Every structure is written in C-alpha cells, then in structure tokens.
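The values are calculated or read from the model by the stated rules, or taken from the named source; none is laboratory data. Everything numeric here is computed off the predicted structure, so don't read it as measured data. Backbone-built Cβ (ideal geometry, glycine too); neighbour counts: all protein chains shown. For the accessible areas, the whole protein counts, side chains as well, though only heavy atoms, and no ligand, DNA or RNA atoms are used. Shrake-Rupley method; radii C 1.70, N 1.55, O 1.52, S 1.80 Å.
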Amino acid sequence: MAPKHKSKRDPAYLEPGSAVEVSIDDEGFCGSWYSGTILCRVGLDRFYLEYNDLITNEHSRNPLREVVCLHQLRPLPPPETHREFKSGDKVDAFHNDGWWEGHVTKYLGNGRFAVYFRISDENMVFPKEQLRAHCQWINHNWVFPIINYKVSVRGKETDNLVVKRQRRDIRDMISELPDSVLLHIMNFMDTKDVVRTCVLSKRWRDLCKCLTNLTFWSPFGCECKKNFRRFVSWVLSNRDDSCSLLNLVIKSWIEAEVLDRVIRYVMSHNIQQLTMLIGLSSSPIFNSLPLIFSCKSLTSLKLCIMHDSSVIVLPKSLHLPALKSLDLGSVNFTATYEDCAEPFSNCHMLDTLFIRNCPLYDDAKVLCISNSTLSSLKITSYNVFIKIQAYKIVLSTPNLSTFTIKGFVSHQLSSSCKLSFLGPVNIGLFLVTSSIIVRWLQVLANVKILTLRSDTLQIILHDLSNPSPMRLQPPCFARLESVKVKNQLHLPDVQINRVLEYLLQNSPKSKARLDIIT
Amino acid sequence: MAEETESTKTEPLKTAEEEFKKLEITEEEESELKLETSDHVTFMVEASIAMKFGAVQQYLEVSPAASASATAIPLHNVASRELILILEYYRMHDWVDAGERDLKEFDERFLKDLNYEELKELLLAANYLNVEKLFNFLTKSIANIIRNKDVEFVRTFFGIDNDYTPEEEAAYREENAWAGVKFV
C-alpha cells in the first residue's frame, strides 16, 4: 500500500536513479543549477543525491553526495535545440560545473557569445555549446522566457545578492595579470606579433613598448626592405626608454643605415645578449660597429655575416668585460701585433667561444686565442664557396676543458700551455691530410674523452695503407678514459681498430673505453 | 657545591641528547612539508619539490619553524586542483631517470590535457608560487597559442575589455599595417 501511495505522490523525476537539476541554497551559488542523480528519499521532502560534476574535494575526486530539499529540485530541462541566441536572450551558461543565469550581450563570431551575469556584475565569453535557453520549472511545466528585453550592461545597480564565487575571482585576475607576466609571455613571441597586440586595448598599447626582448626577423631573400625598415624604426622610436633591453635578435638582410641605428640604440640601452645573423647587400662603413666590441653590459654576442665574409673586420682587440659567450661567423680577424691576431685577451669573463669560417685579414698569419677563463672552444669551417687561407692557431687557454673542431680546416694548431684540464675533445675533420690530424692530436694529448668522426678515421686509414717511413708518431694520451667513434660511414670494426691501434700506440695500455656510435 | 657541579655536568649531555632528538625529528620531517591550498586541502609534499616553490622558500625564511612543525604552509592563491598539476609536473621533471624525450612527451601531454581556462589558472598559480621552470613553460606555451591568432581570440583569451573607440582601433590597425603585420 505504502509504495503505491508514494509513487502516486512523487513525480517520476524524484524516483531513485533519476537525473535532476539542483539549485544550491548556499551563498555564492544563487541562480545556478547543477545536475545530479537521486539516490533515495530520506524524509518527507528531503532527498539524498549525488552530483554529477561536483566533487567532495579536489584531492579525492569522489562525487559529492548531499541531502537536498524538494524545493531545490527539478527535472532535467528539455534537450537544447534552439541554438540561435541573440543579444538580450536570457540564457544559462555552463560554468564551474553548473548552469548560471545570464544574458547574451553580444555575438562575437565563431559561435562565441558574450554573456553578462547580473548577479555578479560580470561579463564572460562562452561557446554556444555551453549555452542553453533559460527556462523555469513552474507548476510541473517548463516555462520559457517570452520577451527578450534589453539589459543594461555594466549598469551600476548595487545588488545585495552580489556574491563572489571563488573560481570567478580567479578568472577576474586573469585580466589583472601583472604586466610582468604578460611581458614574460610576449618576450617569447616574435616582435612583429607583439606589436599587433597594441590594438587589443589601451593597456596593451603601452605594454608592447616595454619588451625586454626584441626580435627583428624577416625571411632571407625576401624583398621587403622598406617594410623592414619601417618596422624596426617604429619599434625603436615607440619603445619606452625607461625599460631595459636585455636581448636583441636580428635575422635578416639589412641595410647598413638600419643596422647602424639598431646598434646605436641597443648600445645605449645596456643590452646583454645580442644576436645578429645578418646579410648585408653592400659593403658598409660602420660608424657604430666599434661600439659593439667595447660594450660593457654585453654577456653574450653572436655575430654572423651571411654569404660574404669580407664585410666585417674586427678591431684588434675586443674589450668586452662582461662577455661570457662569443659566437663569430664570417668575420675577419686583424693583426694585433706583427702578423698575429690576438683579439680575445681582454675578455676577462669569456667562457665559450665559437669561431666559424673566420679568415685572417690582410697579412695576419697567426690567430692567438689567448684567454685565461675560456673553458669551451669550437672552431668550424664548412663553407666551400669561400676559400679560407690556412693559418696558425696558437692556444693560450690554461682552463680549456672542451674543444671541438669540425669541417675542413687545414690550420695548424699549437699551444703555449699544457691544457691540463682538457675533458671532451671532438674531432670531425675532413678533406685534410692525415698529418694535420695527428698534429692536432699531439697538441690535444691531455684529452679525457676523445670523439672522432668516421671520415676523420678514414683519412688516417687511407694514409696507413700507403707505406710511408716518415709517418708522424701519435702522442701519448696519458689521461684518456674513453674513445667514441661516430661511425656514419659504417666502417667495419676491423678498420676502426686498426686506426685506434695506430693512434694509441704510444699511450699506456689503458682501459680506455671504446664506444661506436652509428 | 657538589650538586652544582653535577647539574653542570649533566646539562650539556642533556642538551646534546635533545639536540640529537631534534635533529632526528627534523630529518624525518624534512623529507616532507605540509602545504595547505586555498580550498583548505592539505598536501604532504616532498621537501625537495616544495623547496623549488619560491613562495614556500619565502614562507620558511620568515617562519623557519614551519618546516619542522605540524603546521601547514598556507598557499592562499593556489587551489588544490592547480597544486596537483604543479606537483605532477615537478615530480616528472625531478625524476632522475627521465630522459629528454620522456620530458618532451610529458610536457606535450601535460599541455594537451589543459583547456585554456585551466592553463591560465595554472599560470596564475605558478606565478604566485614562483616556480620558475613551470612558469617559463606555461608562458612559452601561451605565447605559442596566441601567435598568429586574430585579435578577437586574444581578447577573449586574456579577458580583455576593448576600451578603444572603433575609430581609435581602426587608427591603430592602420598605423601598424606596415611590415606585413596582418590583422585577421
């Protein structure tokens, strides 16, 4: 009798297992509906239910179960079909796991709508999938709003019901992100993209003028010199001078006058990192270039001239007291005294030096790399189009620990110090004679980890197959721990062992490990 | 007199013992720190990870007792949801055996699992906590997301109210129309 009575009184949507929507009476949840499932009835007008989207706490992620009153419950609204929202439409927007009552204020395109919530005086944007027509459950019937009425957005009527929900508070902060965070994001972007952000709003107009990283980039071979000039000029003349400039990158063909202006600008703003991969169409006379090589703030400098190595001649000595990392490509070293170029001895913080395709200028014949702090040195020469005259390299680098030489460099190497801290040495020479390789190894005899490319091995191998009584003696590698062979040519092990046997013949019968990397 | 000497003898011994005990306790407790999020969930977090959070460091500088005591370090602007993600990120990046490729894959998946709202909320949490590595990762990811997007997308993304008049906005678009700067 009792069950019959109960089912008669209860509508179907209150049966255990039914899907319902719940309004929560608590402060801060006013005007929102959450979906849930009835578990059982626990009193005359009270029900125990489980929320679909709310959880007990973020840690356990169990669905929240709660006892609610009958007046908080309603069945699920009819499925949404009406998708053509207009401004002024009363809608529910799905946010923070619940449906919140609001008004469409504007269609933003791409299926997105601006929605205004009167209860909290907030505007937010939703895709149409997260919107539904607002409707009410009255007298066991769904009642849809009939009249669209205008709402006054940002109407400053103070409402006692204005309550803050925690999630919303966080969202509000996003537009309140500190400038430093927004600038941090912008510093990862190409400067061209950043400049676009000044049309976003008044705040952003000024934000992009405080960038600490600038990137002037245009594709090589692109004939847009005029635009590039205007772009650079706009950025430099609009920049907020009170903001420091830390990092500048130029990758482009560039006119000499533009480059001149950029260099003058960055030098007067205490630049720390400067990267210039530039192509110059004419041989320019730089008034500003010496400024770079005596810049006190610079910690990292990369200067590579594309396509033509005859354009830039470095000064006799670089005076860069803070410089830690230097990367030079296709620039000319000039003699400091007699026929010897010694440009690095006044860089007292230098740690890493990379020299690629750099010839000596005029009648200089020796490049002396003299620096007491230098720990990592890399020399490469791959440019087949520019014949670089072989010269003599003299190392005076007592703290050198890493050395790499790659390409076809016929330079001779010697050292005026012991190189006793040498760790890894990487040799990838090709198109040179066997004796040059062995002479390099003689200078680098203190190596701990020696990496050889297979084409370098092949040169020695070729030399070994010719009988020659005058063959150079390899050094004694007293500290050698490991030999690595990068075997791209897939030389058979027999051949590799033959070369290593020759190279290590004067070394202690050590436990130097051999790794062959293909 | 005799009593006095006895007490002075035992005193240092006692303190040393106490010190040792304290040391034991701090050593035990040091391996984990108690953090409480804004929604009042407490987490026991490895000290090695928690100490990477600038906010935790700062808190401990001001009240060093918190590292040894049972009181939780409050993180007022971080919800448990974000802290779980931050811990997940740091546990992976702290893992000794993780190779470069593992981390790259992890980062990609980590990012893919976040929607824009979560991403921004995580950024706020990372900014508040002062966690450098994650902060750089998130800002860089956001830079990638908004790169080449139209103005309206970026406004929505950051929740920017356009306070230009249409004329002003048009003037700015006009001004920056050089150098291939395009507005979609």
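Checking every residue in segment A:484-493 against the condition of being under 43 Å from the mean Cα position of the chain (by Cα), surrounded by fewer than 15 Cβ atoms within 10 Å (Cβ to Cβ) and part of a helix (DSSP H, G or I) gives at least one match. Contact annotation: residue pairs with Cβ atoms under 7 Å, 6 or more positions apart or on different chains, pairing a residue in segment A:25-46 that is closer than 16 Å to residue A:95 by Cα and without any contact (Cβ under 8 Å) to a residue 40 or more places away in the chain with a partner that is open to solvent by 70 Å² or more (accessible area, probe 1.4 Å) and not aliphatic (A, V, I, L, M), are A:36/A:52.
Return yes or no: is residue A:338 open to solvent by 10 Å² or more (accessible area, probe 1.4 Å) and either of a type in the set (Gly, Ala, Ser) or at pLDDT 90 or above (or both)? No. Within segment A:361-383, residues that are in the same structural domain as residue A:409 (by the TED database) and at positive phi sit with their Cβ atoms under 9 Å from residues that are part of a loop (DSSP other than H, G, I, E, B) and open to solvent by 10 Å² or more (accessible area, probe 1.4 Å), at 6+ positions apart or across chains, in these pairs: A:362/A:334; A:362/A:335. Just so you know, in segment A:184-195 the residues that are part of a loop (DSSP other than H, G, I, E, B) and of a type outside the set (S, T, N, Q) include one that is farthest from the other protein chains (Cβ to nearest Cβ), and it is A:190. Total residues in segment A:303-326 satisfying the condition of being open to solvent by 10 Å² or more (accessible area, probe 1.4 Å), closer than 21 Å to residue A:365 by Cα and of a type outside the set (Gly, Ala, Ser): the figure is 5.
Hey, could you check segment B:77-102 for residues that are assigned to a helix (DSSP H, G or I) and aliphatic (A, V, I, L, M) and say which is farthest from the other protein chains (Cβ to nearest Cβ)?
Going residue by residue through segment B:77-102, those that are assigned to a helix (DSSP H, G or I) are B:80-94, B:100-102.
This time we only want the ones that are aliphatic (A, V, I, L, M), so: B:83-87, B:92.
On the way: B:83: 8, B:84: 7, B:85: 10, B:86: 13, B:87: 11, B:92: 19 Å.
Selected residue: B:92.
Among the candidates A:468, A:414, A:420, A:507, the residue that is on the phi < 0 side of the Ramachandran plot and touching a helix residue (DSSP H, G or I) at 6+ places or on another chain (Cβ under 9 Å) is uniquely A:414.
Restricted to segment A:105-153, the set of strands (runs of 3 or more DSSP E) holding at least 1 residues that are at pLDDT below 75 comprises A:136-138, A:141-143. For segment B:103-136, name all the residues that are among the charged types (D, E, K, R), open to solvent by 50 Å² or more (accessible area, probe 1.4 Å) and either in contact with a Pro (Cβ under 9 Å, 6 or more places away or on another chain) or not in a loop (DSSP other than H, G, I, E, B) (or both). Hits for segment B:103-136 are B:104, B:105, B:108, B:109, B:112, B:117, B:132, B:133. Would segment B:74-85 turn up any residue that is at pLDDT below 85, farther than 30 Å from residue B:159 by Cβ and within 16 Å of the chain's Cα centre (by Cα)? Within segment B:74-85, none of the residues are at pLDDT below 85, farther than 30 Å from residue B:159 by Cβ and within 16 Å of the chain's Cα centre (by Cα).
Taken together, A:414, A:420, A:468 contain a single residue that is small (Gly, Ala, Ser), more than 30 Å from residue A:372 (Cα to Cα) and not in a helix (DSSP H, G or I), which is A:468. The single condition among (1) open to solvent by less than 50 Å² (accessible area, probe 1.4 Å); (2) within 28 Å of residue A:329 (Cα to Cα); (3) touching a strand residue (DSSP E or B) at 6+ places or on another chain (Cβ under 9 Å) that residue A:194 does not meet is (2).
Residues in segment A:110-128 that are open to solvent by 20 Å² or more (accessible area, probe 1.4 Å), within 12 Å of chain B (Cβ to nearest Cβ) and closer than 22 Å to residue A:30 by Cα: A:123, A:125.
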